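Report on the structure given below.
The values are calculated or read from the model by the stated rules, or taken from the named source; none is laboratory data. Keep in mind it's a predicted model, so treat the numbers as computed, not measured. Positions of Cβ are backbone-derived with ideal geometry, glycine not excepted, and every protein chain shown enters the neighbour counts. All accessible areas refer to the heavy atoms of the entire protein, side chains included, with ligands and DNA or RNA removed. Shrake-Rupley method; radii C 1.70, N 1.55, O 1.52, S 1.80 Å.
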Amino acid sequence: MGKEPNTTSATTNSEAAVSAAGHAEFKLVGFRNFVRTNPKSDNFAVHKFHHIEFWCGDATNTARRFSWGLGMPLVAKSDLSTGNSAHASYLLRSGQLNFLFTAPYSPSISAPSSAAIPSFSFSAHRSFTSSHGLAVRAVAIQPFRLTSASISRGAKPVSPPVLLSDNKTAIAEVHLYGDAVLRYVSCGDNGAACDGWFLPGFEPVDDGVSYQELDYGIRRLDHAVGNVPELEPAVEYLKKFTGFHEFAEFTAEDVGTAESGLNSVVLANNDENVLLPLNEPVYGTKRKSQIQTYLEHNEGAGVQHLALVSEDIFRTSEGNEEEKWGWRGRAGDVLTDEQIEECEKLGILVDRDDQGTLLQIFTKPVGDRPTIFVEIIQRIGCMLKDDEGKIYQKGGCGGFGKGNFSELFKSIEEYEKTLEAKQVTQAANT
Ligand SMILES: [Fe+2]
């Protein structure tokens, strides 16, 4: 690792379509015509995802529910007991996946300087949670170094770089979409130094209260998907300051049902282990696009779903139904008879691309609103060797479940219809 970025600018599939058409209109070529290339165009070298931060009204309860729902033990805290009077933050971890849950203390007693996350703002948190409910505030990535290249080239600043108390770790934030931020966490010249612990100001949680044995097999974040009203400005903005390239495209024809749909672009870093898909709604279909439904309930753009890699999706999806969340889906046809049977039993979807196989399953929305949900995936195949002879799996192996989108959409539409039916009944009764 530790590669220097190549600054050559890439001709993307959507731009190529534009020049062929001869006018400056953002146009996707769709899944079938998309040619996958990796121009290695990052403006700054990115190691991996670092963590995801949810802003919520009560971090203790939200973290606990995710902990049991996903099999992620509580490993660290920063709250009143550690001297932080600005916010309560709890960290869940499974493998390399870090989920942070943050809620504010009363500003009447809080000392902002005691915040472990220096960008924390009571007023920003209050307006965020009242607009969005439970939602992702920060998608954190780990650049090798936090330099001006990371936060220039048109990135809209949210929080300037701050060196934390260990004099090693630096944090900065720029606008991502909606009220979500892209957070940079850098650990000096050696990106691997971040792996040892989380952030200064956090303390380990005692085994007695943290259920350290919890583990359903989840290992890391694969992709973090945003819903936006319009793809073009969101994609262009992100591409311009990160240098990330287009990794995949899906249009309404590829992934929609007869009733509603979306357009989607997946952006990736050089190593293709940081995948940031973006969706926009399509209009004029029989039913309102589910992306539009999200935008209404979320009061604007935001993170739609987080795809988590499991080392054993069967283990992640089975078991203690009372503690785990409800799953939905349908099986496909590429595994052994026993595995297919297991997929059907558990509702695991199967899809593949030209390179590998994808097993996936989705939760229902995880909070009050029909907005954010979680996807569990297992990618099979696409094993490659790096320069040092180490075997690794190519990013995005098996695709994103294009073949399952319409099944998922039907499932979301059925869920929406049950809500609509309820509203009609209630209206008739009043
Ligand atoms: Fe996904």
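In terms of the Cα gyration tensor, with a ≥ b ≥ c the square roots of its eigenvalues, is the stretch 200-240 rounded because a/c is under 1.5, prolate because a/b exceeds b/c, or oblate? Verdict is prolate for the stretch 200-240. Packing, taken as the mean count of other beta carbons within 10 Å per residue, orders the peptides 269-279, 112-122 from highest to lowest as 269-279, 112-122.
Over 20 Å between Cα atoms, which of LYS288/LYS417; LYS27/LYS364; LYS27/LYS286 qualify?
Values: LYS288/LYS417 11 Å; LYS27/LYS364 31 Å; LYS27/LYS286 23 Å.
Over 20 Å Cα-Cα: LYS27/LYS364; LYS27/LYS286.
Highest average first, the peptides 134-142, 98-106 ordered by how many other beta carbon atoms sit within 10 Å of their residues are 134-142, 98-106. Along the stretch 42-54 the Karplus relation, 6.51 cos²θ - 1.76 cosθ + 1.60 evaluated at θ = phi - 60°, assigns HN-Hα couplings of 3, 6, 8, 6, 10, 7, 5, 5, 9, 7, 10, 10, 9 Hz to successive residues, with x for each Gly and Pro.
Residue by residue, the stretch 360-377 carries 3J(HN,Hα) couplings of 8, 8, 10, 8, 6, x, 8, x, 5, 8, x, 10, 6, 9, 10, 10, 10, 10 Hz when phi is fed to the Karplus relation 6.51 cos²θ - 1.76 cosθ + 1.60 (θ = phi - 60°); x denotes Gly or Pro.
Sorted by average packing, counted as other Cβ atoms within 10 angstrom per residue and highest first, what order do 73-85, 379-391 take? Spell out each step's value before the answer.
Working: 73-85: 19.1, 379-391: 11.2.
The most tightly packed comes first, giving 73-85, 379-391.
Remind me, what semi-axes does the stretch 74-188 give for its equivalent ellipsoid, largest first in whole Å, using sqrt of 5 times each Cα gyration tensor eigenvalue?
On the way: eigenvalues 96, 61, 45 Å².
Ellipsoid half-lengths, sorted descending, are 22, 17, 15 Å.
With Cα atoms defining each centre, the stretch 76-136 and the stretch 338-367 are spaced 34 Å apart in the structure. Once you sort the root eigenvalues of the Cα gyration tensor of the stretch 45-119 as a ≥ b ≥ c, which label holds: rounded (a/c under 1.5), prolate (a/b larger than b/c) or oblate (the other case)? Here the stretch 45-119 falls in the oblate category.
Look at the alpha carbon pairs under 8 Å that are at least 6 residues apart: their mean separation over the length of the stretch 102-223 gives a relative contact order of 23 percent.
Residues whose amide H lies under 5 Å from that of ASN270, counting only those 5 or more places away or on a different chain, are ASP42, VAL46; hydrogens are built 1.01 Å from N in the peptide plane. For the stretch 213-317, the square roots of the Cα gyration tensor eigenvalues, ordered a ≥ b ≥ c, give a/c of at least 1.5 with a/b no greater than b/c, which places it in the oblate category.
Carbon and sulfur atoms: what percent of the 1.4 Å accessible area of the stretch 73-157 do they account for?
Values: 1670 of 3110 Å².
Heavy-atom surface of the stretch 73-157 belonging to carbon and sulfur, 1.4 Å probe: 54 percent.
For ALA301, the residues 5 or more places off, or on other chains, whose built amide H falls under 5 Å of its own are GLY178.
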